[in-house]
Amino acid sequence: MAARDGVSQPWGSRTPYAAGGAWPSRVDTHLAAGVAEDDVDDWVPTASVLHSNGDGLDIAVRRGRMVGVRGREHDRINRGRLDPKDLFGWQANHHPDRLTRPLVREGGELVETTWDEAMGRIVEHAMQLLDRHGPSALGFYTSGQLFLEEYYTLATIARGAIGTHHLDGNTRLCTSTAATALKESFGSDGQPGSYTDIDHADVIALYGHNVAETQPVLWTRILDRLAGTDPPALVCVDPRRTPVAEAATVHLAPLPGTNVALVNSLLHEIIQNGWVDEQWISERTVGYSELVEQVRDCTPAWAGEICDVPREEIEEAARLIGGSRRLVSTVLQGFYQSHQATAASVQVNNIHLVRGMIGEPGAGVLQMNGQPTAENTRECGADGDLTGFRNWANEEHIEELASQWNVSPTHIPHYAPPTHLMQIMRYAEQGSLRMLWVSATNPAASLPDLARIRSILSQQDLFLVVQDIFPTETTEHADVVLPAAAWGEKLGTFTNADRTVHLSEKAVDPPGDARPDLDIFLDFARRMDFRDLSDQPLPAWNDAESAFEAWKRASAGRPCDYSGMSYALLRESGGIQWPCTAESPTGTERLYTDGKFWAHPDTCESYGKDLLTGAPNEPEQYEAMNPHGKALIKAAAYLPPHEFPSREHPWWLITGRTLVHFHTRTKTARAPQLQNAAPEVWVQVSEADAADLGISEDDGVEITSPRGRVLATARIGGIRDGVVFLPFHYGNWDSQDPRSANELTPTDWDPVSKQPLFKTGIALVRRTDAETTRATRTPVASTAVDEEIGRESP
Ligand SMILES: Nc1nc2c(c(=O)[nH]1)N[C@H]1C(S)=C(S)[C@@H](COP(=O)(O)OP(=O)(O)OC[C@H]3O[C@@H](n4cnc5c(=O)[nH]c(N)nc54)[C@H](O)[C@@H]3O)O[C@H]1N2
Ligand SMILES: Nc1nc2c(c(=O)[nH]1)N[C@H]1C(S)=C(S)[C@@H](COP(=O)(O)OP(=O)(O)OC[C@H]3O[C@@H](n4cnc5c(=O)[nH]c(N)nc54)[C@H](O)[C@@H]3O)O[C@H]1N2
Ligand SMILES: [Mo]
C-alpha cells in the first residue's frame, strides 16, 4: 500500500479550506510490511496515545497481533490523519523487551516471580507502614498516560481508602500550569475552546507551543487553513525558529523566563489602543482595573529590553492580536515550564477576557494538555486536584465526595493542600515517606536534577514499586516491578485537550502475565481488604465499565460532567466532548457560551492564589472579590528568573521535544522508523554563538550546569542567540553516555502550579574532543528514512 513516509513528510499533503468551512478528511494508514488491508481480520477503535491531540484511529489486528493503524475518517479531531509517532509507535507493543512477569529484588537483583509473591510483598509493606506510621508514609506517583477508569480507581484507593495526602501525577511536570491558569481565570479547570475554533480563526497566537512537532495533526489543520483562501495570521512566541515560527506572520523570540514581561506588553498595547470590549469586561469579569494599573508602564520598549526582542515586533504582534475578530490562543510548555509559569499563562487568558473573546466560534483559548490522558488525571483527582474538579477548601465538596465513596469526610485528608510531587520527593529524601508506588511514568529520567532523584529512589528505607510496560531508568531502583498491559491491550476511556472523550477498545492480549493497570490497582485494594462505611469493598467496582459508571456519578453536576455518556454511546458516536448530560446528550463544543463561569464561591474549584508567591486565598477573600462568580482578570508583575547566566554558566538552557520521539523513548526508541530518524542526543546552538565558541556542525559539545554534565552533537541554527536547546528524550537505559537534559535542570518550580522549571536553566557550553555518538539531523529537517516499514523487531 502506498503510505506516505510519515517521518520525512510529517504533515502530509494539503487539503485547503476556508474560514467557517469543514476540514476535509484524509485517511492515513500504515501497515506492517507484507500486510494488505484485505489481510486485516479486525479494525479496533481507539485514539492516539503519544500526545494529547486525541486523534481517532483503528488498530489493525491479524491473527491476534497488531499489524498497523488507520486514522478514522469521520473522527472530529483528525478526520483520518495520523502523525509519525502514531503511524509507527504501535510496534513497541510487541517488542521483545516488554515486561512480562512481576519482578522482586533478591540479594540486590531483580528476579522473576508470581503475582501472588509480588503483590504479597507490597501488601505486607503497606499494612506494616499503615500500622506503624499511618497513611502519610505511603505515596503514589502516577501518570498522564493511563485511562480514566484507572485514575479514578487510584484516587479512590489513595484518598478514600488509605487517606494519604501524597498522590500526584506526572501531570505536575506537564499540565498543572494549564489547570492552575484555568482555575485562576475561570474558577475551575476545563478547556474553554475547541479545535473547531481553528476553522474560524482570523488570528492564531501560539505561546511556547511547537504544535508542528508536538501535535502534528492539529498543525495540519492550521496548515490547511493557511493554504485556503482566507488564511489566518499566526503569531509565534518561542526562542527557537520552530516550523511554527517559520510559518508565522510575526515570530517573537524572547529570552527564556521573560514571558510575563512580553505578554504584559501585549496587554499594555491592547488596552492603550482601546482594543478592548468594555461592556463584556464589566458584565462578565472582575479585576480589570488592577490589570490596567499593572500594565500601564509595560511598554513594548520596556519589554523589548527585558526579552531582547525588537520593540516594533511586539507592536506588530499586538496590532494583529488587537485587531483580530476571531482569536485563538494556544499555550504550552514554553510557558508552563518556564519562569513565572502560571502568571504568564493567566495573562494569555486575560487577552481573551479583555477582548471579550471566549465562548464563540473562533474565539477560544486552548491551555493545552501534553499527554494523552492528562485531562483525566486532573478530572479524576489522581494528581493534586480533588475528584470532579471539586474544591479542597470547600467542606461541602469534600462531603459530596465522601458520600460517593461512602467514607467519612474526615477520612479524606484535606487539612492542607495535597502534596505536590517535588514535595513528595522531599519527604522520601527526608525519610518520612517510606513507600512510593510509581505507575506509568519514569521519574529517573523525566524529573529535574537527576543525580538527586536517583539518590532518593535508591534509598534503603524507601520501598519502591514500579508499574510499567518496559524496563526503565526507574525500574532499576525498584523493590517490586509490576508488568502492565499497554494501550491496545486493555479497555478504557480517555479525554484529549479539547475535552473529547474516546473509548479505547482492547485489540490484542497483553504479553505473558502482564495485566491492565486497573486490575492491578483493584487487586491491591482487595488484598488490603479496604471497606467503606457499610463494610462493602472499596472501590465498589470490578472492571472498566463499572468504574466508568461510578465516575459518571462522581462527575455529575460538576464542570466535567460525564453523566450523559456511556460505553455504548461512545461506541456508536466516536468522540464526545464533555460536559455530556441529559440536557446536552451529544456533548458540548465550547464552554462559557452563556457568559457564566464555574467561578461562584460555592461551585469554584479553587479560591485562587497569589500569582507571585502561590499563597492561597482564604474563602472570605475570594467571596469578597468575586461574589457573583464572574471570570477573573488577574494581573501579575514580571520578576526576573532565579538563576541567571553568569561568568561560570553564560548560556540560557532550555529543553523540550522533537517530532519523532515521545518523552523517555520507552516506546519510540523501539519503533525502527522513529529511532532511526533521531537515534542520538544533539544540542541546538545559534550561528553566532557557535562561531564564538568555535563549534561547527557535528562537533562534540559538552554542556555543564551546576547540577551535571551532558555530551551531545552540535546542531547549528534555528535558535536565538544566548540560548541552547537540548531534547530531553535521551536517558541512560540504552546508553551509558551522560546525555539526559535532566542531569542539568534545577530543583525549582513555579510557586503557583508547582510545575518544575525545565525551561529556565543555565549552562556552560564548549567544544570537546570527547567521544560523542553522532546524532542524525533533527528530524524535521531530515531527508526520508528508508521506507522499510513495519519491519518486525529482532
Ligand atoms: N513529538 C512529540 N510530541 C509530543 C510529546 C513528545 O514527547 N514528543 N509529548 C507530549 C507532551 S506530554 C507535551 S507536554 C507536549 C509539549 O509540547 P510543546 O510545549 O509544544 O513542546 P516543548 O518542546 O516541550 O516546548 C515548546 C517550545 O517551548 C519553547 N520554549 C522554551 N523556553 C521558553 C520560554 O521561556 N518562553 C517561550 N515562549 N518559549 C520557550 C521551546 O523552544 C519549544 O519549542 O507535547 C506532546 N506531544
Ligand atoms: N528536561 C525536561 N524534562 C521534562 C520535560 C521537558 O520538556 N524537559 N517535560 C515533562 C513533561 S511535559 C512530561 S509529560 C514528562 C513525561 O515524563 P514520563 O512520564 O516519565 O515519560 P514517559 O517516557 O512517557 O514515561 C511513561 C512511562 O510509562 C510507561 N507506560 C506506557 N504506557 C503504560 C501503561 O499503559 N501502563 C503502565 N503501567 N506503564 C505505561 C512507559 O513505558 C514509560 O516508562 O516529562 C517531563 N520532563
Ligand atoms: Mo507533558
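The values are calculated or read from the model by the stated rules, or taken from the named source; none is laboratory data. All values reported here derive from a predicted model rather than from experimental measurement. Cβ coordinates were reconstructed from backbone atoms using ideal geometry, including for glycine residues, and neighbour counts include every protein chain displayed. The accessibility values were calculated without ligands, DNA or RNA, using every heavy atom of the protein model including side chains. Shrake-Rupley method; radii C 1.70, N 1.55, O 1.52, S 1.80 Å.
Hey, can you rank 433-443, 396-406, 102-112 by average C-beta count inside 10 Å, highest first? Walk me through the intermediate numbers first.
Values: 433-443: 24.5, 396-406: 18.1, 102-112: 14.0.
Result, highest mean first: 433-443, 396-406, 102-112.
Quick one: give the max-minus-min coordinate of the C-alpha atoms of the chain along each principal axis, largest first, in Å.
Result, largest extent first: 68, 62, 58 Å.
Carbon-plus-sulfur fraction of the accessible area of the chain, 1.4 Å probe, in percent?
Working: 12220 of 25740 Å².
Answer for the chain: carbon and sulfur cover 47 percent of the accessible area.
Show log10 I(q)/I(0) for region 2-95 at q = 0.14 Å⁻¹, two decimals, from a solvent-free Debye sum over equal Cα scatterers.
-0.50
Listed highest first by mean packing, meaning other Cβ atoms within 10 Å per residue, what order do 462-471, 242-251 come in? All intermediate terms of the calculation are to be shown ahead of the outcome.
Numbers: 462-471: 23.0, 242-251: 19.9.
My ranking of the peptides, most packed first, is 462-471, 242-251.
Relative to the compact globular guide of 2.2 N^0.38 Å, what is the alpha carbon radius of gyration of region 651-782, as a ratio?
On the way: Rg = 14.2 Å, N = 132, 2.2 N^0.38 = 14.1 Å.
Relative to the 2.2 N^0.38 Å estimate, region 651-782 comes out at 1.01.
Using a probe radius of 1.4 Å on heavy atoms only, what accessible surface per residue do you get for the chain? Whole Å² is fine.
Values: 25740 Å² over 794 residues.
Averaged over the residues of the chain, the accessible area is 32 Å².
Along the Cα-to-Cβ line of E360, 7 Å from the Cα, sits a label point; which residues in region 288-324 have backbone N less than 12 Å from it?
So the set is 324.
With all protein chains present and a 1.4 Å probe, how do R159, R240 order by accessible area, largest first?
Working: R159 5, R240 25 Å².
Descending accessible area places them as R240, R159.
Given a Förster radius of 41 Å and the C-beta distance between D543 and L612 as r, what FRET efficiency does 1/(1 + (r/R0)^6) yield to the nearest 0.05? Numbers along the way, then the final one.
On the way: r = 47 Å, r/R0 = 1.14.
After rounding, the FRET efficiency stands at 0.30.
How big is the convex hull of the Cα atoms of region 223-351, per residue, in Å³?
On the way: hull volume 14.5 nm³, N = 129.
Residue-normalised Cα hull volume stands at 113 Å³.
Based on alpha-carbon centroids, what's the gap between region 429-455 and region 543-605 in Å, whole number please?
34 Å
Kindly provide the pair-distance distribution of region 334-419 built from C-alpha pairs, with 5 Å bins from 0 and whole-percent values in order of increasing distance.
For region 334-419, the pair-distance distribution reads 3, 12, 16, 16, 17, 16, 12, 7, 2, 0.
Assuming 0.36 nm per residue, please report the length gained on full extension of the stretch N406 to E429 beyond their Cα-Cα distance. Intermediate values should be presented prior to the final figure.
Numbers: separation 23, 0.36 × 23 = 8.28 nm, distance 3.43 nm.
Gain on extension, N406 to E429, equals 4.8 nm.
Of the listed peptides 657-663, 601-607, what is their order by residue-averaged count of other C-beta atoms within 10 Å, with the highest listed first? Before the final figure, lay out each step's value.
Working: 657-663: 23.1, 601-607: 21.6.
In decreasing order of mean packing, 657-663, 601-607 become 657-663, 601-607.
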